1. Would you mind calculating the gained length between ILE339 and SER65 on full extension (0.36 nm times residue separation, minus the Cα-Cα distance), in nm to one decimal?
2. Distance in nm between label sites at ASN42 and ALA212, each 7 Å beyond Cα in the beta-carbon direction?
3. Could you tell me what percent of the DSSP beta bridges with both partners in segment 4-349 are antiparallel, to the nearest 5?
4. Determine the calculated [θ] at 222 nm for the chain from helices alone, applying -39500 (n - 2.57) to every DSSP H run no shorter than 4 residues and normalising by the residue count; nearest 500 deg cm²/dmol.
5. Distance in nm between label sites at ASN135 and ASN2, each 7 Å beyond Cα in the beta-carbon direction?
6. When every alpha-carbon pair in segment 267-350 is counted, what percent end up more than 18 Å apart?
7. Determine the gain in length on full extension of the stretch SER323-ILE202; use 0.36 nm per residue of separation and subtract their C-alpha separation, reporting nm with one decimal.
8. So, by mean Cβ neighbours within 10 angstrom, what's the order for 165-176, 324-335 with the highest one leading?
Amino acid sequence: MNPYDVALIQTVPHVVTSLADRDEVMTRNLDRIEQLVGFACNRVGDVKLAVMGEYSLMGQFRPRSVAEWIQIALPIPNPYTERLGRIAAKYGCYLTGHFLERIEHWPDRYFNVGILVAPSGEIVLKYHKHNGPNNLNTTYTGPADIYTEYVERYGVDALFPVVDTPVGRIGMFICGDVQYPEMSRCLAMKGADVLVYPTADIYRRAHEGWDAMRRARAAENHVYLASCSVGGFQGTDRPVDGWRGGSVVYSPDGATLVIAGTGEVVVSCSIDVERLRLRKTAFRASGHAYNPMVLMRSELFAAEYARAKRWPNDAFLDKPLTSTADAGAIARGILERLIAERNLLRPEDA
């Protein structure tokens, strides 16, 4: 496998505000994505993987009820995934796409989903975002919220999907997932070489912490991490320039290979999966350069996680999530239990 280029397509998408304007807005956003993918593939280099930001097709607009989110969500596949397939075939590269999905089997829920489309035009990876309800600011369902039914329907491998492609084994996680190192670790344990990370970062006090987490996810798992954000949203209730941009590719050592500024930007860099695989499989009898993923004490950690008793699986199996207050009630219960157990101390308890 020769080195190849990864392109980050950081757009400033228009926002779907209702079902009435959904198709027009999504078509307009996809028109611009196609232009920028064409620019990357024709002018930038030997691009074999192009990554877009979270909400780059639908935009992000709040507040909405769950019913309103479900109404504008789409099944997958749909005409836009098919068009992404045609773009991938036209330029001979893998493309990501981000959607809000409705699934017939769960009519009272919607899902935050990322896909990877191959140059053949087919969807080869589909990842339903795990962490959202437990961030207390969203109302889409995560697979673990309906764990039993989700695994019965899709199988356990669908929880942390990794696809083997001619440009490496690729896994995906999305936005708030970065706060949980277990997400990328699970993908790395399944052999991922490259992690694609669609996100939509606003300006916040913690933004330097999120940058550090992104870098750490690459270095601690010895993977390339291609993080693509958005440069802003047009036609929303938030400021157009309130979004950080900063799309970035990190090396398996945590080095910055390329980074974007704000607004609409296309950046790219070369990655070498073959060299990465050589480094990760070459045995060294001593020294800190050896692959820590091989030496990880997974059984030790598993026991501690089992005892921790934090956010439960199947939290919304019997009753769909209707508002952030539903998730907040679970969070408050966990917090109160940890305080009662003196795992967490309030200032007055010290």
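1. So the extension gain works out to 95.4 nm.
2. Distance between the two pseudo-spin positions: 4.4 nm.
3. For segment 4-349, the DSSP antiparallel bridge percentage is about 65.
4. One gets -10000 deg cm²/dmol as the mean residue ellipticity at 222 nm.
5. Once both label points are built, they end up 3.8 nm from each other.
6. 70 percent
7. Length gained between SER323 and ILE202: 41.4 nm.
8. 165-176, 324-335
Where a number appears in this text, it was derived from the coordinates with a stated rule and is not lab data. Keep in mind that what you see is a predicted model, and the values were worked out from it rather than measured. Ideal geometry is used to build each Cβ from the backbone, glycine not excepted, and the neighbour counts take in all protein chains shown.
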